[in-house]
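Working notes for the structure below.
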Amino acid sequence: MTAPMLRVRDVETCYGTSQALFGMSFEVSQGEFVTLIGRNGMGKTTTVKSVMGLLAPRGGAIEFGGRSLMRLPAYRVAQLGIGLVPEGRQVFPNLSVRENLVATSNNRVGARDPWTLERVYALFPRLKERERNLGANLSGGEQQMLAIGRALMTNPRLLILDEATEGLAPLIRQEIWTCLAGLKKAGQTVVVIDKNIAALLRLADTHYLVEKGRVVWNGTSASLKAQPELLHQYVGV
Ligand code: ATP
């Protein structure tokens with residue numbers, strides 16, 4: 001058995017005096033497609049921010065590739081090979097599509113077949129058409145594609161997507177799922193937070209159900225499908 005790529009253990013994170021994570025624990029192995037599923041406000045985004053160094057946990061442990069991420073600033077976490085597609089996309093509004101893609105691109109992790117502008121444009125042809133447009137002038141779907149392309153251009157060993165299909169039209173949403181299926185097939189390690197449970201059940205290997213800042217259940221798609229009462233209880237579907 002190889003060690004997990006990402007190991008989150010008993011993490012506690014607070015906003016001031018308000019505690020949001022109460023012993024959050026999960027693991028992601030190389031090539032695995034993992035989800036964090038739960039109702040709004042249960043701590044999924046706080047978990048992602050704790051991993052990325054955007055929030056400082058007050059307890060627990062976070063290891064990536066055997067190395068502690070605790071107290072590392074976000075830019076160091078990104079350099080170590082975690083790429084984030086953040087909630088709300090957060091593309092650079094005053095940069096063009098092309099500039100957004102190259103602004104943070106790198107191959108520090110030494111990927112053998114690194115992402116290039118051409119590969120991102122092949123994945124999302126719409127971005128090529130909009131290459132010279134400013135981030136601010138893109139549709140929501142185009143911004144989401146740009147946020148994914150920007151993260152891929154850092155050649156992340158682990159790609160994390162926080163609500164990547166939220167608020168998108170069904171066709172664009174489908175395009176994002178098709179993209180993620182392709183990435184999975186290519187061996188990309190992925191953590192996804194999303195409300196489209198049916199798509200997650202089709203795509204993911206392992207699910208973690210999150211309730212009040214901790215994981216209350218984890219297992220495969222097959223075992224989650226076999227227990228619809230879990231989704232009913234923890235997601236309300
Ligand atoms: P959502 O899908 O709504 O983003 P989530 O599962 O990602 O939900 P979090 O955003 O991590 O949940 O929120 C976890 C808890 O932390 C909630 O109780 C939320 O109100 C609280 N919280 C989140 N951001 C802040 C903040 N900036 N300041 C104070 N409390 C916060």
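Does residue 13 count as touching a strand residue (DSSP E or B) at 6+ places or on another chain (Cβ under 7 Å), more than 21 Å from residue 204 (Cα to Cα), within 9 Å of the ligand (Cβ to nearest atom) and of a type in the set (S, T, N, Q)? Yes: the conditions hold for residue 13.
If the condition is being in contact with a helix residue (DSSP H, G or I) (Cβ under 8 Å, 6 or more places away or on another chain), open to solvent by 40 Å² or more (accessible area, probe 1.4 Å) and either basic (Lys, Arg) or part of a loop (DSSP other than H, G, I, E, B) (or both), then the range 58-88 contributes only 87.
Is one or more of the residues making up the range 207-224 away from the ligand (no atom under 16 Å from the Cβ), open to solvent by 70 Å² or more (accessible area, probe 1.4 Å), more than 18 Å from residue 29 (Cβ to Cβ) and more than 18 Å from the chain's Cα centre (by Cα)? No, the range 207-224 has no match at all. Can you list residue pairs whose Cβ atoms sit under 6 Å apart, with the first residue in the range 31-45 being farther than 18 Å from residue 206 by Cα and the second being open to solvent by 30 Å² or more (accessible area, probe 1.4 Å) and not in a loop (DSSP other than H, G, I, E, B)? Count only pairs 6 or more apart in sequence or on different chains. Close Cβ pairs (under 6 Å, with a partner that is open to solvent by 30 Å² or more (accessible area, probe 1.4 Å) and not in a loop (DSSP other than H, G, I, E, B)) amount to 42/211.
Checking each residue in the range 11-33 for being β-branched (Val, Ile, Thr) and open to solvent by 50 Å² or more (accessible area, probe 1.4 Å) picks out only 17. Within the range 175-189, at least one residue is touching a strand residue (DSSP E or B) at 6+ places or on another chain (Cβ under 8 Å) and outside any helix (DSSP H, G or I). Counting only residues that are within 14 Å of the ligand (Cβ to nearest atom) and either among the aliphatic types (A, V, I, L, M) or over 19 Å from residue 199 (Cα atoms) (or both), the range 24-36 holds 3 of them. Can you say whether residue 83 is small (Gly, Ala, Ser), touching a Pro at 6+ places or on another chain (Cβ under 9 Å) and within 16 Å of the ligand (Cβ to nearest atom), as far as the supplied structure shows? No: the conditions fail for residue 83. Does the range 37-51 contain any residue that is within 16 Å of the ligand (Cβ to nearest atom), at pLDDT 95 or above, basic (Lys, Arg) and buried (at least 23 other Cβ atoms within 10 Å of the Cβ)? Yes.
When each of 138, 117, 200, 146 is tested for being farther than 15 Å from residue 91 by Cα and crowded, with 19+ Cβ neighbours inside 10 Å, the lone residue that passes is 200. The single condition among (1) at pLDDT 95 or above; (2) more than 17 Å from the chain's Cα centre (by Cα) that residue 113 does not satisfy is (1).
The values are calculated or read from the model by the stated rules, or taken from the named source; none is laboratory data. Not measured: the values here are computed from a predicted model. Please note: Cβ atoms are built from the backbone with ideal geometry, for glycine as well, and neighbour counts cover all protein chains shown. Surface accessibility is based on the protein's heavy atoms, side chains included, excluding ligands, DNA and RNA. Shrake-Rupley method; radii C 1.70, N 1.55, O 1.52, S 1.80 Å.
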